[in-house]
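Enquirer: Just dropping this structure here.
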Amino acid sequence: MRLLMIYTEKFGYKTRVKNLDSVEEIDEEKNIKDAIVGFIQAEQKDEEEITKIETKMIKNLKWAAKKNGTNNIVLHSFAHLSMSKADENITKNMFGRALERLEKSGYNVYQTPFGYFLDLDIQAPGKSLARVFKEF
């Protein structure tokens, strides 16, 4: 898994192009303030240990949120961090479980529409620990 975490003062998105036939049609626009945005890519090698990988991802997102003083987390599928991609159903299900687990831990969790290219509006301050990359 590859995980790029960016602390944002504002993270906005709008659905632009559906790129997976298996997902429903969505027209959505949202703005979220004061959030850790996880740009997440599950890789093919993660499929066998997806629960373990999911737990590591959640721990890293919680850590980044704490370090940046926020309770807001955005899960964003970003299949551009590696040439290897996990099966779309495995990835989509992992996102759903992660969202539930983070909400049960008291976080406000948002998920960008899965299977879409999005217009992004990101305001991210240049401070320590505002941008962290992890690979596991």
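Enquirer: Can you find a residue in the stretch 16-25 that is surrounded by 13 or more Cβ atoms within 10 Å (Cβ to Cβ), within 30 Å of S128 (Cα to Cα) and hydrophobic (A, V, I, L, M, F, W, C)?
Expert: Looking through the stretch 16-25, none of the residues is surrounded by 13 or more Cβ atoms within 10 Å (Cβ to Cβ), within 30 Å of S128 (Cα to Cα) and hydrophobic (A, V, I, L, M, F, W, C).
Enquirer: Related question: When you scan the stretch 107-120, do you find a residue that is among the charged types (D, E, K, R) and surrounded by 13 or more Cβ atoms within 10 Å (Cβ to Cβ), even just one?
Expert: No, that holds for no residue.
Enquirer: Determine whether F11 is of a type outside the set (D, E, K, R), surrounded by 15 or more Cβ atoms within 10 Å (Cβ to Cβ) and over 19 Å from E103 (Cβ atoms).
Expert: In short, no.
Enquirer: Restricting attention to the stretch 64-83, which residues are touching a Leu at 6+ places or on another chain (Cβ under 9 Å) and farther than 28 Å from F117 by Cβ?
Expert: Passing the criteria: only K67.
Enquirer: Please go through the stretch 88-136 and pick out each residue that is out of contact with any strand residue (DSSP E or B) (no Cβ under 7 Å at 6 or more places or on another chain), among the small types (G, A, S) and under 16 Å from K52 (Cα atoms).
Expert: Scanning the stretch 88-136 gives a single hit, G96.
Enquirer: Let me ask you something else. Which residue is farthest from Q111 (Cα to Cα), if the candidates are limited to the stretch 34-74 and must be free of Cβ contacts under 8 Å to residues at least 40 places away in the same chain and crowded, with 22+ Cβ neighbours inside 10 Å?
Expert: Selected residue: I36.
Here's the yes/no breakdown for (1) within 21 Å of K30 (Cα to Cα); (2) of a type outside the set (D, E); (3) at pLDDT 95 or above:
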site: I58; (1), (2), (3): no, yes, yes
site: L61; (1), (2), (3): yes, yes, yes
site: K67; (1), (2), (3): no, yes, yes
site: N72; (1), (2), (3): yes, yes, yes
site: K104; (1), (2), (3): no, yes, yes
site: G115; (1), (2), (3): yes, yes, no
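Enquirer: Conditions first: (1) touching a helix residue (DSSP H, G or I) at 6+ places or on another chain (Cβ under 8 Å); (2) modelled with pLDDT under 95; (3) among the basic types (K, R). K18 passes all but one, so which condition is the exception?
Expert: (1)
Enquirer: A follow-up question, please. In the list K85, K127, which residue meets the criterion of being touching a helix residue (DSSP H, G or I) at 6+ places or on another chain (Cβ under 8 Å) and either of a type in the set (K, R) or surrounded by fewer than 17 Cβ atoms within 10 Å (Cβ to Cβ) (or both)?
Expert: K85
Enquirer: Which residues, counting only those in the stretch 94-130, are touching a residue at least 12 places away in the same chain (Cβ under 8 Å), polar (S, T, N, Q) and not in a strand (DSSP E or B)?
Expert: Within the stretch 94-130, S105, T112 meet the criteria.
The values are calculated or read from the model by the stated rules, or taken from the named source; none is laboratory data. For clarity, every value in this text was computed on a predicted model and none was experimentally measured. Virtual Cβ from ideal backbone geometry, glycine too; neighbours counted across all protein chains shown.
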